[in-house]
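Single-structure report; data block below.
The values are calculated or read from the model by the stated rules, or taken from the named source; none is laboratory data. All values derive from a computational prediction rather than experimental measurement. Note that we place each Cβ from the backbone using ideal geometry, even for glycine, and neighbour counts take in every protein chain shown.
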Amino acid sequence: MSNSITDQEFSYPDGSRTVPVRCYEPTGEPRGWILFSVGYGGNRDGYAFLARAWTELGLAVVVTEHVGSNLEVLKSFSQLRRAERNAEVVRRVHDPDELRARVHDIHLVYGELSAFYFGLPFGLAGHSYGSYSALAGCGMESNLAPHSLGALPVDSLLVVSPQPPDTLFSSQEYTKVHCPCLVLTGSEDHLLDGSSTFRERMKVFESLTESERHLLVLKGVEHMTFAGIGLKVEAQLAAISSATSVWWEDSLLESGHSRAWPERLGEKLDSDWILECR
């Protein structure tokens, strides 16, 4: 278990928006830190299973909520039928104001906390809509919402269930990622509009610079399972935790070892979970 869990809120200089975060600190001095961006409808309460697993590595984890696309926003149209609700989420994910704000949120949190973790390896991660935030934090820009903020000094990147190329980013933008990046998805990780399968998400891997890209597809894992949501998903959550922990250990804490991470993963995770790993 982590040594401490604290909630904080950071504000934009003009007071126009706040950014709630939950900070998980490891026992002892941290070896590095992770800034994690939640998906659409998520808040800082979520993804605790990942944060706790990563603190076991000695990592501090900052789960970042985005108030323009958090649980309260999702509840505002929860009365819609499922298909209509999903369509509304898809529409709102393309909102230029929220796309731009999410990047500013990430930069704000980094600016507030980087001095505290000065000199430590820094990892950036996100799930679903949060994968957009993480990629944008590496300097990628959407044609829908250019931000001109540049790239944070990211040592390792984890994008879980990312949107396919040419959804929020053009295919050419992925060459702006200049650190080891793991694209993580599951065999049941379908797009919200039902238009395609996890193989569309795999195209993010194909768009990244070959020397930096890595891929893991977990068998039987659905989109919301990565957020810790679902019935009887304990074994799946354990597999996700193990796989991502190996990633951080190899790519962040033992910088330069990410090329060998598939072999290390095989030592920690039963092969029955792995559909594809590169």
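Flag: GLU210 matches the condition of being without any contact (Cβ under 8 Å) to a residue 12 or more places away in the chain and not polar (S, T, N, Q).
Would you confirm whether or not region 34-44 contains a residue that is in a helix (DSSP H, G or I) and either among the hydroxyl-bearing types (Ser, Thr, Tyr) or closer than 22 Å to HIS223 by Cα (or both)? Break it down into steps so the answer makes sense when it comes.
At the first step, the residues of region 34-44 found to be in a helix (DSSP H, G or I) are none.
No.
Taken residue by residue, region 221-230 has at least one member that is farther than 21 Å from TRP33 by Cα and assigned to a helix (DSSP H, G or I). Is it true that ALA125 is in contact with a helix residue (DSSP H, G or I) (Cβ under 7 Å, 6 or more places away or on another chain), crowded, with 22+ Cβ neighbours inside 10 Å, hydrophobic (A, V, I, L, M, F, W, C) and in contact (Cβ under 8 Å) with a residue 12 or more places away in the chain? Spelling it out, ALA125 is indeed in contact with a helix residue (DSSP H, G or I) (Cβ under 7 Å, 6 or more places away or on another chain), crowded, with 22+ Cβ neighbours inside 10 Å, hydrophobic (A, V, I, L, M, F, W, C) and in contact (Cβ under 8 Å) with a residue 12 or more places away in the chain. Being at positive phi and without any contact (Cβ under 8 Å) to a residue 24 or more places away in the chain, is that true of even one residue in region 167-189? Among the residues of region 167-189, not one is at positive phi and without any contact (Cβ under 8 Å) to a residue 24 or more places away in the chain, which makes the answer no.
Rundown of residues vs (1) closer than 30 Å to GLU254 by Cβ; (2) not aromatic (Phe, Trp, Tyr), yes/no style:
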site	(1), (2)
LEU71	no, yes
ALA83	no, yes
ASP97	no, yes
VAL103	yes, yes
TYR110	yes, no
ALA115	yes, yes
GLY119	yes, yes
PHE122	yes, no
ALA125	yes, yes
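Here is the figure for region 12-42: residues that are closer than 26 Å to LEU252 by Cα, touching a helix residue (DSSP H, G or I) at 6+ places or on another chain (Cβ under 7 Å) and modelled with pLDDT under 95 total 2. Apart from one condition, ALA238 fits all of (1) assigned to a helix (DSSP H, G or I); (2) modelled with pLDDT of 95 or more; (3) surrounded by 17 or more Cβ atoms within 10 Å (Cβ to Cβ); the exception is (3). Residue pairs whose Cβ atoms lie under 9 Å apart, separated by 6 or more positions or on different chains, with the first residue in region 66-82 and closer than 10 Å to GLY42 by Cβ and in contact (Cβ under 8 Å) with a residue 24 or more places away in the chain and the second among the aromatic types (Phe, Trp, Tyr) and assigned to a helix (DSSP H, G or I), are HIS66/TYR129; SER69/TYR129.
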